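Nothing in this text is a laboratory measurement; each read-out follows from the coordinates by a stated rule. What you see is a predicted model, and the numbers here were worked out from it, not measured in a lab. Note: ideal-geometry Cβ built from the backbone for every residue, glycine included; neighbour counts use all protein chains shown.
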């Protein structure tokens, strides 16, 4: 696949995430994909889908604004700002109704049109502060 096709897959991944379309996301992932997120062990396809479902049920009005999408070969890097509303329980934190904004950097490896590796670096501390689960510094 071309670099532009790979970049398009990453853009589509984020669009589907915003729509809460877990099965659509899963269709972009290879059956043997592995996802890496801070604070959790590597996630296989099913665990990754469960994590996406948690975010979809906990946060509404999801919108990822991709500020950069850069690719070389089979690797695509993206940097963006995710906006959403905390509408449901998130890891034991009841819905606050708070608007949240979280930065995230993601790198994926794509083989034959499917994401086989996904590395995400979201600002989880910032997210937890915005839903009242962590204290703000200063």
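Odds and ends about this structure:
- Using alpha-carbon coordinates, inclination of helix 45-58 to the longest axis of the chain, degrees: 40
- Sequence of 10, 69 once ranked by neighbouring C-beta atoms within 10 Å, starting from the fewest: 69, 10
- (i) 102; (ii) 237; (iii) 115, with the label sought being that of the calculated volume of the Cα convex hull per residue in Å³: (i)
- Averaging Cα coordinates gives a centre for region 54-90 and one for region 1-39; these two points are 11 Å apart.
- Helix-only [θ]222 nm of the chain, DSSP H runs n ≥ 4, -39500 (n - 2.57) each, per residue, nearest 500: -10000 deg cm²/dmol
- Taking the longest Cα principal axis of the chain as reference, the axis of helix 3-19 is set at about 30 degrees.
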